[in-house]
Amino acid sequence: MNTRSICAIVSTIYLACVAASANAAQGVREIPSIADRESENLNVRKSAFMRVIGLDNADARLGLAGPAARLLSTSSAVLPDSDERRLALIDMAVAQQKRLANLEAENNRLKARGAPVPEDIQFPDEEHEFYGDLILVVSSLEDSRALPFLVSALKTGAMASRAVIAFGIPAVMPVVDQLDSPDVDVRTFATGVLWNMLRQSDVISKDAASRGTIKSALLRAAADSNYRTRRAAVLGLSTLDDAESTAVLYRLAQSDPYYETIEGRAWYPVRVVASAELRRDGVRPSELK
Amino acid sequence: MRTLHRFACAAAVLCGILLFPQSASAYSYNDDLWLTYSGTQINMSAATTKDPWDSWGHWYCQVWSQIGNWCDEAVVIYDRPYVETQVYDSSAQLAYSGAAVDDPSAEDESLAVLTWQRASPSDGTWNEASQHYIEYDHYYTAEWGGFLSCITFSFMAASASSVNVTGGGGSTSCDPAVTALINDYAACAANTFVPANKCTINLGPLQCADFSQTRSNNRYSAAQLGNWAANGVNWGLVNDNMIASGGSGAGLEWALLLLEVSMPIHYPNSNFATPYTLNSAYRTPRNNVAAGGVAGSYHMSGNAADIGNPSCTPLGSRQNCRLDVWQTIDDIAHIWQLTDYYEPVTLRCQDDCYHFDYRNHGGDYQ
């Protein structure tokens, strides 16, 4: 065996050692424990969150504030590949949602009793900020296992709603089911998502079954007990642009019963919006009397 | 897993020592240590408490120090872009004088205190647009099988870019107020901001040019978006999302456009003044504390704005605000997807303002 062969063998062994070491270094990043991920201490949870997304060196206190999209686009670590990490993130988001619901319930309970409300219960702004960061990452996972959570988080804004719509047809029924919620915010915003599905997703809007499901749901929303949900149904019904939907729009424009008296005048919020939508479609005001 | 890691790394170290006895191959990693500057001294401080197991460097450090002794340490300061894959800009290399503290355990970089000066002490302006890095090299030597082994690896540490460089007659181009702001952000990231735990934001490397006196949109002036009056400084960190055209379909002006079109439909008999009051936009870390903002508020990254409820009387106050108007804005914001993340009416904005948040829209400051 000549010197060159020895060098080749030695080099191969060396490279194998380096590779083994690199793999081991990746593996050493353990997922934080459930105790940390669900700790009562927000900073412990934040730290766990940062470690789950691979920002091991980040300060535990720090959130993702800042140019988050840049972070998401430049750091593959933020969107973990491993199932374990993805599920851990989804679980954290679900747990945080429950925590905020519990805080709200506690806040309401104390207020109802006339008891003093601790500031961190009355204004859980820090907890909300963290919840927003969880939604930011979970909504970027494009993982169907996150769909139930994201649907349950539709109240939180466009990060969740856009992510839900991106799932396409499988997302339709879960959103429709939100119309059964006792929370008027949930029903109203779910109605808005159904409209956005029609205008933002070709897959959904061109699927006859999905379109039919959404139409039925919007007609239901137009008969909701709360005016805000009925008002939210207006845009969707207008987009459907069929005889049945238009008939419902006319009914809302002419006879929706809800009104408030503002500055001495009756204000019919659903009627005015439905009328405006019909006028936009070319209906003359006289036809709406 | 740690056992496997230890084994693999020890094997790699052993391989390195055995096979490349006289090489000086560098193992480098970004230690993310923020540097603090004081006068002409650079203090390498372990600003973040680090788990010694959380990265290669520390681990090697620990193992190697068990094997033998460090033969030398040297510090070289580079001026180079933040992105690690970029090439070194050696032209901006700084020389150092004074000795690094030779710490055999090499575990505590905070012991290294250096005096320094520019390598080419001519008049000029330090390149504030770049990041300053300090590379901390450790050389390990040992006798092994008759060979002298010398292996190098490096610690990297990033600093804020707003360093007043006076060595060699250089000067800074950064407005002092901006320098102070950048230093505040660096302190936030390094957990040295006072009051403690009231600013927990890490925007990465900020540059002078990130702060603007001109960024505005068709609704609000630079002074309003930069919140100059409340912040007490005539500069703002204003993200693209705040100034994007209303026709772009995203951002604050688009949200306002939608509201201005929609609200008269919802309230045909009301004459809400436009543009709506901008209660708060960019907040400096210090003003964010004063305003009671959350420690990681997106207001500090110039990515959030609080629009006043137009029904409050007097306008801009927190009085007589109608909840139905707030709810209508909330409905419009949700249905038209105007904000990435909302704040419920129960939070501090309550019913007198609506929080627009663009945390998932990227954008830049220049």
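The values are calculated or read from the model by the stated rules, or taken from the named source; none is laboratory data. Bear in mind that the values here come from a model prediction, so they are computed numbers and not experimental data. Cβ coordinates were reconstructed from backbone atoms using ideal geometry, including for glycine residues, and neighbour counts include every protein chain displayed.
Here are a few things to note about the model shown:
To keep it simple, each residue is scored yes or no on (1) of a type in the set (A, V, I, L, M); (2) within 20 Å of B:ASN303 (Cβ to Cβ); (3) touching a residue at least 60 places away in the same chain (Cβ under 8 Å); (4) not in a helix (DSSP H, G or I).
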site: B:TYR185; (1), (2), (3), (4): no, yes, yes, no
site: B:CYS188; (1), (2), (3), (4): no, yes, yes, no
site: B:PRO195; (1), (2), (3), (4): no, no, yes, yes
site: B:MET242; (1), (2), (3), (4): yes, yes, yes, no
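- Filtered residues of segment B:339-366 (kept if more than 8 Å from chain A (Cβ to nearest Cβ), part of a loop (DSSP other than H, G, I, E, B) and not β-branched (Val, Ile, Thr)): B:CYS349, B:TYR358, B:TYR365, B:GLN366
Residue-by-condition table, conditions (1) touching a helix residue (DSSP H, G or I) at 6+ places or on another chain (Cβ under 6 Å); (2) of a type in the set (Val, Ile, Thr); (3) on the phi > 0 side of the Ramachandran plot; (4) buried (at least 20 other Cβ atoms within 10 Å of the Cβ):
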{"site": "A:LEU103", "(1), (2), (3), (4)": "yes, no, no, no"}
{"site": "A:ASN108", "(1), (2), (3), (4)": "no, no, no, no"}
{"site": "A:GLU119", "(1), (2), (3), (4)": "no, no, no, no"}
{"site": "A:GLY132", "(1), (2), (3), (4)": "no, no, no, yes"}
{"site": "A:GLU142", "(1), (2), (3), (4)": "no, no, yes, no"}
{"site": "A:MET159", "(1), (2), (3), (4)": "yes, no, no, yes"}
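- Output for segment A:216-243, where each listed residue is among the basic types (Lys, Arg) and surrounded by fewer than 19 Cβ atoms within 10 Å (Cβ to Cβ): A:ARG220
- Test: B:PHE211 is touching a helix residue (DSSP H, G or I) at 6+ places or on another chain (Cβ under 6 Å), under 30 Å from A:SER47 (Cα atoms), within 14 Å of chain A (Cβ to nearest Cβ) and at pLDDT 75 or above: no
Yes/no per residue for (1) outside any loop (DSSP other than H, G, I, E, B); (2) modelled with pLDDT of 90 or more; (3) in contact with a helix residue (DSSP H, G or I) (Cβ under 8 Å, 6 or more places away or on another chain); (4) of a type in the set (Phe, Trp, Tyr):
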{"site": "B:ALA250", "(1), (2), (3), (4)": "no, no, yes, no"}
{"site": "B:MET300", "(1), (2), (3), (4)": "no, yes, yes, no"}
{"site": "B:THR328", "(1), (2), (3), (4)": "yes, yes, yes, no"}
{"site": "B:GLN337", "(1), (2), (3), (4)": "no, yes, yes, no"}
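- Considering residues of segment B:273-289 that are over 22 Å from A:PRO269 (Cα atoms) and out of contact with any helix residue (DSSP H, G or I) (no Cβ under 8 Å at 6 or more places or on another chain) only, the residue nearest to the other protein chains (Cβ to nearest Cβ): B:ASN288
- Looking only at residues in segment A:106-129 that are in contact (Cβ under 8 Å) with a residue 40 or more places away in the chain and within 8 Å of chain B (Cβ to nearest Cβ), the one that is nearest to the chain's Cα centre (by Cα) is A:GLU129.
- Residues being touching a residue at least 24 places away in the same chain (Cβ under 8 Å) and either at the interface with another protein chain (Cβ under 8 Å from one of its Cβ atoms) or among the acidic types (Asp, Glu) (or both) - total across segment B:323-335: 3
- The criterion of at least 3 residues that are away from chain B (no Cβ under 14 Å) is met, among helices (runs of 4 or more DSSP H) falling completely within segment A:145-185, by A:147-152, A:172-177.
- Among (1) at pLDDT below 90; (2) surrounded by fewer than 21 Cβ atoms within 10 Å (Cβ to Cβ) - the single one B:ALA295 does not satisfy: (2)
- Tally, over segment A:217-245, of residues that are outside any loop (DSSP other than H, G, I, E, B) and free of Cβ contacts under 8 Å to residues at least 12 places away in the same chain: 1
- Qualifying residue in segment B:298-311 (condition: within 32 Å of the chain's Cα centre (by Cα) and surrounded by fewer than 20 Cβ atoms within 10 Å (Cβ to Cβ)): no
- Tally, over segment B:204-232, of residues that are assigned to a loop (DSSP other than H, G, I, E, B) and under 13 Å from B:ASN288 (Cβ atoms): 2
- Here B:GLU253 qualifies as under 28 Å from A:GLU129 (Cβ atoms), of a type in the set (Asp, Glu) and over 22 Å from the mean Cα position of the chain (by Cα).
- Which listed residue is modelled with pLDDT of 95 or more, of a type in the set (Asp, Glu) and under 19 Å from A:TYR258 (Cβ atoms), from A:ASP224, A:ASP177: A:ASP224
- The set of residues in segment B:239-296 being out of contact with any Pro (no Cβ under 7 Å at 6 or more places or on another chain), under 21 Å from B:HIS334 (Cβ atoms) and of a type in the set (Phe, Trp, Tyr) consists of B:TRP254, B:TYR267.
- Segment A:200-237, subset among the basic types (Lys, Arg) and within 11 Å of chain B (Cβ to nearest Cβ), residue farthest from the chain's Cα centre (by Cα): A:ARG231
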